[in-house]
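Scroll down for the structure; my scribbles are underneath it.
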Amino acid sequence: MPKHNPTTALPQLTRATIAILASGFLLLCASGTSQAAIQEEIPDDSFLSPWTYSTIILVLMLVGLVIYKKRRAAREWVDVAESVKTPERTARSENAQPATSRGPVEPTTAGERRAPATERRASSNERRAPIIEGSQVWERPKPVEVETSVYGAYRIDQEVGKLVLGKPHRMDVMASRAPDDRRAIEASLVKALESWDNDSDARRHAREALEEYGFVARQSATMLMGRDAWERSSAARTLGQIGSPSSLIFLIEALHDSDSVVRNQAVGSLGALKMPAAIGALLDIARRHSDIPAALLSETLSACSVESLGYLDASSEPASFADGRSSAEPPELGAFLAFEDLPEGSEDEALTESLSRLASSDEHERAQAISELASRRVQRSVTALCTVALSDPYSGVRSAAVSGLGSIDHESGFATILVALADVSREVRAAAARTLSGLSFDRADAYVRVMETADPDTLQNVARACIKTGIVAQAINRLASEDRHQAYEAFSLLSLLAKGNETQPILEAIQNHKDEEVRLCAIRVLNVAAQPDLAPILRDFASGEGLTDNVRTAILEVLYKLDQDQPVFDLGSSDNGAVSLHNSL
């Protein structure tokens, strides 16, 4: 870039002007001499004189000088215009000096002269000052070109495979910001989530990676701010596939989307999350939008109410076996904790009046009576609420009765709450799920109480409700859990199933579960509470193929116990005659 110095530009221009004028004067003199020589040959009446030629030449020279100065000034203005990109703030911070009056010109180290600060500021504002020597020129940054792919889908799939298995992997590959790489990483992680070959730990690693590397956040933003309904519904479906708890609030917000397709997809994704916290929002959106399919809403409410079973982890304190046995050993289920019985409450006249109002034909009056019963923690209230929760024809009254049992919070209502989890009304199921999540007593001991005290019909209803709602499916996976309380609770529930003669889930776990420890624990459940009619089925299992030696040995032990408990034959009154042996003499 050319350098401009205001202290030297003026003398150079003056010298150039003097040189031009001197040249013009010499040319004028030479022209006068030549014209004098020619004058003798020109007639006296000619209209051109020597001075006329000189004047014309002088005017032409002046015009040329003016043109030259204008062109030079234009070039200087172009240079200044190109240099105005330099911020004025930089020039001021480097050269500004405090001055209250116009002072003398200060010399610089290079022998140049610099104008006072006030003149420099004025010239800078008017953008007439040349560029300061040595100042930095800012240029407009060029946009960074992002590569569409850096590592490729094959390399990314390898690193994702290492990540989900908990092995060391390349962080730079997983953190690539190239668009194609980002899509490949997300697709591989979602594929790992949906693969049946991966265990729960691998799925957890994949879900955590989707959260850590921003895919959940990006899909959540797209679901709420996407340009069209297809894009938003696709993001909602992806969040359902990921199943991250952090996407719950975003899916609840998507329930209020203006497009019905997005709303329905958000409902389905909430069902995939299986979080009871979504029940309230689902019930509210069902009242606001009648176009949501009833089957979809019912399935989602059931999933959020029961199949997530988050309340199974909400026990107050983990219990351990009293004798120090490991979770794999069958506990003595008959020795459960003795619960405190509630007072009968037969002397309470207000309670008697509330009980009589339960027979009213007005559902609102019955609901009010239920509210009064829930405030009295006596056994008569629990018995009445259990009856209403199971038999009242109106779902609103049944759900109020279930909520009333939760307010009393006693173990005697536990069986009714479990049965209500499989009610035909989603309102009752939601109330049962909320109630079950708020109970304060230990559920493992409560299962044992139900198993020991309930009549056969109630026991079978409870067992079927637990199977239908998905509690049993999760309990089976927790049989071999390292958490001893979870293992004991699962063992208690499956023992309830065995005593209620609902053993199909247990038999399927013995035959098909991929974890051998779970299969052994399921066999030990039958060893504690199996019915004799299971012997033929267990013999078929023992004689079949695909069983390990440990599983086959455990089945044979159960068969031996069943054979010992069952009498070999039963003699009737007509069988009292003499019995002869074939080899008798």
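The values are calculated or read from the model by the stated rules, or taken from the named source; none is laboratory data. Note that this is a predicted model, so its numbers are computed, not measured. Positions of Cβ are generated from backbone atoms using ideal geometry, with glycine treated the same way; all protein chains shown enter the neighbour counts. Calculation scope for accessible area: heavy atoms of the full protein, side chains included, ligands and nucleic acids excluded. Shrake-Rupley method; radii C 1.70, N 1.55, O 1.52, S 1.80 Å.
Return yes or no: is ALA384 buried (at least 24 other Cβ atoms within 10 Å of the Cβ) and in a helix (DSSP H, G or I)?
no
Do you know which of the residues in segment 488-499 that are hydrophobic (A, V, I, L, M, F, W, C) and within 16 Å of ASN477 (Cβ to Cβ) is surrounded by the fewest Cβ atoms within 10 Å (Cβ to Cβ)?
The selected residue is LEU497.
From the list ALA350, ALA359, exactly one residue is at pLDDT 80 or above, open to solvent by 80 Å² or more (accessible area, probe 1.4 Å) and of a type in the set (A, V, I, L, M). Which is it?
One residue alone meets the criteria, ALA359.
Can we say PRO532 is touching a residue at least 24 places away in the same chain (Cβ under 8 Å), out of contact with any helix residue (DSSP H, G or I) (no Cβ under 8 Å at 6 or more places or on another chain) and open to solvent by 60 Å² or more (accessible area, probe 1.4 Å)?
no
Given the criteria farther than 17 Å from SER200 by Cα and more than 32 Å from the chain's Cα centre (by Cα), does ALA522 qualify?
Yes, satisfied.
Are any residues in segment 220-236 without any contact (Cβ under 8 Å) to a residue 24 or more places away in the chain, surrounded by 15 or more Cβ atoms within 10 Å (Cβ to Cβ) and more than 15 Å from the chain's Cα centre (by Cα), and if so, which ones?
Within segment 220-236, GLY226 is the sole residue that qualifies.
Tell me yes or no: at least one residue of segment 202-219 is at pLDDT below 85, surrounded by fewer than 14 Cβ atoms within 10 Å (Cβ to Cβ) and assigned to a helix (DSSP H, G or I).
no
Name the residue, out of GLU502, GLU508, that is acidic (Asp, Glu), open to solvent by less than 60 Å² (accessible area, probe 1.4 Å) and under 17 Å from ILE476 (Cβ atoms).
Sole residue among the options that is acidic (Asp, Glu), open to solvent by less than 60 Å² (accessible area, probe 1.4 Å) and under 17 Å from ILE476 (Cβ atoms): GLU502.
Which residues, counting only those in segment 162-199, are of a type in the set (A, V, I, L, M) and either under 18 Å from SER244 (Cβ atoms) or open to solvent by 100 Å² or more (accessible area, probe 1.4 Å) (or both)?
Answer for segment 162-199, where residues must be of a type in the set (A, V, I, L, M) and either under 18 Å from SER244 (Cβ atoms) or open to solvent by 100 Å² or more (accessible area, probe 1.4 Å) (or both): LEU163, VAL164, LEU165, MET171, MET174, ILE185, ALA187, LEU189, VAL190, ALA192, LEU193.
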